Amino acid sequence: MTKTESQMLIIFGASGDLTARKLVPALFRLFKENQLPEKFVVLGVSRSYMSDEDFRKKVVSESSYLKDSIDTDSDLINDFSKKFFYEDVGTQYDTDYKHLEERITTLNAKHGTDGNYIFYLSTPPSLYEAIAKNLYGQQLNRSRGGGFKRLIVEKPFGYDLESAKQLNSGLQRYFKESQIYRIDHYLGKETVQNLLVTRFANSIFEPLWNRNYIHHVEITNAESVGVEKRGGYYDKSGALRDMFQNHLLQIVSLIVMEPPISAKAEDIRNEKVKALKSLRIMTDVDTLHKNTIRAQYVSSSIEGEKVKGYREEEGVNPESTTETYAAIKFFVDNWRWKDVPFYVRTAKRMPTKVTEVVIHFKSPHHQIFQDSGMFNKDNKLVIRIQPDEGILIKFGVKVPGQGFKVERANLDFYYSSLVENHVMQAYERLLLDAMQGDATLYARADEVEAAWEFVDPILDYWKKSDAKVYGYSAGVWGPENADELIEGFGMWRNPGQNLADDPGFCVIC
Ligand code: BG6
């Protein structure tokens, strides 16, 4: 096990929802699993006044996100909460951090954290550069006295290519790229990391992983919820910015990439950048028109309950054209993938919550069993990111009896069968990696920019053209014309709640 050095985690935006909802529960699980260093403290920083005790209550001992543990592990919770401290920066983040620096120095001396600091920016991105500048102003970016200094930033990394470049160069003015960790929580998911292992730790998949054997690749990311309380943010973002530019293109890069020369962070990230740069950028209106679909959910009734349409959600402009559904078809311009279409869709208010990758293989080039019913039933490799995590291979078997009737059978593996292992949740894994200085699962500046380069023209086209915004009833698989993107096989695979469910099966939850 890699040793985690003594350190301090300084969270900016500590009074916000993400800290209590994601970061602190992840830290608690690490604490419970004995994965935190013995000398470890958390300093919460934000604009509102709170004492250390108030902060401990808010994010630990009275947090609804730790409710179960508070009831069952009260002693552990108590020990854990003693690691938390709080400091406010006054009324704004863009200010002199002298006081903050003094508090950090005092805590460091008292708790022996060896000058190792991670600054976690859980604030709106518009504040990132100012915070980095003010940390720099106190030389908190420098490895003085030997301790490491790292900066973790949350998405969104920019609003488009231009702003992403500005953000990257703004941060790089004060911190080196090697100190900057851009978190994408999908990379923290075991099943996303398993894409690398499936491809590169086996000899049975990689020889087939190319245009000679793969007919097309399909990725579905569906959520059953709507925009919930985030209408204000979402309306300025939309599905393409919120999910596609980051999480889904990260998944795409892992499918598309060439084998890295080693599992080192830079070797893997170099290949991912190359993969993203090989996506064919769509520029002309006709191509964009044929290969992109956007839509919005409209009100409907699910299990007898009326569900609001997107435009009726709180914080959303009643005339909004922001997409809650995006489906994109694209190609990858390289040797391996020439002419293989990729179909990727993401949406809110779908029939179920599911993320999966489906590799559709070509039919055997010489059909022996012509009347078998096998024709056009392609082999599929389904990689289930969530829920019911696992892998399924669909292949043909002979139906017992006379002749050669072929049926499709499933060969499946479920993560849940690995019961003895503690499966780390995304934030838990990513925080531990950053604490150990492993940036493999974090996005590099050039990766982020390459992803924007692909997405920008689509956003531009949707904004400036009269590209239609279709409607779909909340609770269905998107607009009726969504299948028009997929030629030949003709339709999306609409996955059910469980890995082995046949397409079309669904539970509305
Ligand atoms: C976030 C998006 O990054 O990912 C949300 O901003 C989305 O809109 C969420 O709901 C989905 O994450 P997960 O892990 O639940 O699939």
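The values are calculated or read from the model by the stated rules, or taken from the named source; none is laboratory data. Computed from a predicted structure; not experimentally measured. Positions of Cβ are generated from backbone atoms using ideal geometry, with glycine treated the same way; all protein chains shown enter the neighbour counts. To get the accessible areas, we keep the full protein, side chains included, count just its heavy atoms, and leave off ligands, DNA and RNA. Shrake-Rupley method; radii C 1.70, N 1.55, O 1.52, S 1.80 Å.
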Answer from T106, T2 - the residue that is on the phi < 0 side of the Ramachandran plot, touching an Asp or Glu at 6+ places or on another chain (Cβ under 9 Å) and open to solvent by 80 Å² or more (accessible area, probe 1.4 Å): T2
Residues of segment 147-173 satisfying the condition of being closer than 19 Å to L9 by Cβ and part of a helix (DSSP H, G or I): L171
Some residue of segment 314-335 being more than 16 Å from the ligand (Cβ to nearest atom), more than 17 Å from L459 (Cα to Cα), crowded, with 16+ Cβ neighbours inside 10 Å and among the acidic types (D, E): no
Candidates R269, R230, filtered to the one that is open to solvent by 30 Å² or more (accessible area, probe 1.4 Å) and either over 26 Å from D388 (Cα atoms) or within 11 Å of the ligand (Cβ to nearest atom) (or both): R230
Counted residues, segment 174-197 - those being open to solvent by 30 Å² or more (accessible area, probe 1.4 Å), among the acidic types (D, E) and not in a helix (DSSP H, G or I): 0
Some residue of segment 113-131 being of a type in the set (S, T, N, Q), open to solvent by less than 30 Å² (accessible area, probe 1.4 Å), in contact (Cβ under 8 Å) with a residue 12 or more places away in the chain and over 18 Å from L431 (Cβ atoms): no
Single match in K277, K306 (criterion: open to solvent by 80 Å² or more (accessible area, probe 1.4 Å), of a type in the set (D, E, K, R) and within 23 Å of the chain's Cα centre (by Cα)): K277
Top-ranked residue in segment 165-196 [being more than 16 Å from the ligand (Cβ to nearest atom) and among the aliphatic types (A, V, I, L, M); ranked as farthest from I255 (Cα to Cα)]: L171
Residues satisfying the stated conditions in segment 397-418, i.e. under 24 Å from Q193 (Cβ atoms) and exposed (fewer than 13 other Cβ atoms within 10 Å of the Cβ): L411, S416, S417, L418
Filter result (modelled with pLDDT under 95 and surrounded by fewer than 21 Cβ atoms within 10 Å (Cβ to Cβ)) within segment 340-352: none
Those strands (runs of 3 or more DSSP E) lying entirely in segment 247-359 with at least 1 residues among the polar types (S, T, N, Q) and in contact (Cβ under 8 Å) with a residue 24 or more places away in the chain: 292-298, 300-302, 342-347
